[in-house]
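These notes concern the structure reproduced below.
Read the figures in this text as sums done on the coordinates, not as results from a lab. Being a predicted model, the structure only gives us computed values, none of them experimental. Note that we place each Cβ from the backbone using ideal geometry, even for glycine, and neighbour counts take in every protein chain shown.
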Amino acid sequence: MIKNILIVEDEKPLKLALSKKLRLNGFKVFEAGNGEEGLQMLAKNKIDLILLDIIMPVMDGIEMLKEMKKKKKYDIIKIIILTNLTEYTSDHEVLKKHQKNYLIKSNYSLSDIIKKIKKFRR
């Protein structure tokens with residue numbers, strides 16, 4: 001069951017909107033502005049699902065996924081890629097596992113994202 005969600009997103013307005021909407025839907029929310037901060041949050045908190053941007057400063061989403069892959073304990077965390085990259089690319093091996101949950105930000109409303117997350121609860 002999804003309870004704790006980590007938003008790894010450098011766009012502050014989107015991060016705040018997602019955070020507010022998720023909290024209103026009963027989730028506990030953690031926030032990070034890049035992959036490095038995201039890994040720090042993962043080390044300190046029990047996270048069930050990550051909303052992960054790809055293009056970010058310091059450490060991007062691809063690098064964060066690669067670092068997570070090195071630790072078995074992160075294998076159970078659900079991940080939704082939420083990006084501005086207009087198409088899924090299999091050039092990055094680490095993204096293949098998340099192809100079904102690759103969402104283009106401009107194509108999904110906050111409500112759509114909440115619905116996607118709630119599907120994981122089942």
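Could you order peptides 113-119, 72-78 by the average number of other Cβ atoms within 10 Å of their residues, highest first?
Numbers: 113-119: 15.4, 72-78: 11.3.
Taking the mean over residues of other Cβ atoms within 10 Å, the ranking is 113-119, 72-78.
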Item to check | Farthest toward positive dipole pole in the chain [+1 Lys/Arg, -1 Asp/Glu at C-beta], among Ser106, Ile81, Phe30 | outcome: Phe30
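From largest to smallest, what semi-axes in whole angstrom does the range 1-72 give when each is the square root of 5 times an eigenvalue of its alpha carbon gyration tensor? Write out the running numbers ahead of the final one.
On the way: eigenvalues 74, 47, 14 Å².
The three semi-axes for the range 1-72 are 19, 15, 8 Å.
Over the chain, what is the relative contact order in whole percent, taking alpha-carbon pairs under 8 Å and six or more residues apart?
On the way: 190 pairs, mean separation 31.0, N = 122.
Reported relative contact order: 25 percent.
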Checklist outcome for this item: With x for Gly and Pro, the residue-by-residue ³J(HN,Hα) of the range 26-41, computed from phi through the Karplus equation 6.51 cos²θ - 1.76 cosθ + 1.60 at θ = phi - 60° and given in whole Hz, is x, 8, 8, 10, 10, 10, 9, x, 6, x, 5, 5, x, 5, 5, 5
Checklist entry - Within a Cβ distance under 11 Å of Ser111, other residues only, what is the Lys/Arg minus Asp/Glu net charge? => result +3
Checklist entry - Anyone know which of Leu103, Leu14, Leu24 comes out most mobile in the 10 Å Cα GNM of the chain? => result Leu24
Item to check | Extension gain, Asp75 back to Asn4 (0.36 nm per residue minus Cα-Cα distance, nm) | outcome: 24.0 nm
Checklist entry - Using the Cα gyration tensor of the chain, with a ≥ b ≥ c the square roots of its eigenvalues, what is the shape: rounded (a/c below 1.5), prolate (a/b larger than b/c) or oblate (neither)? => result rounded
Checklist entry - Put a dot 7 Å past each Cα toward the Cβ at Tyr108 and Lys21; how far apart are the dots in nm? => result 0.9
Next on the checklist: Going by amide H atoms built from the backbone, whose H comes under 5 Å of the H on Asn34, apart from near neighbours?
Outcome noted: Glu9
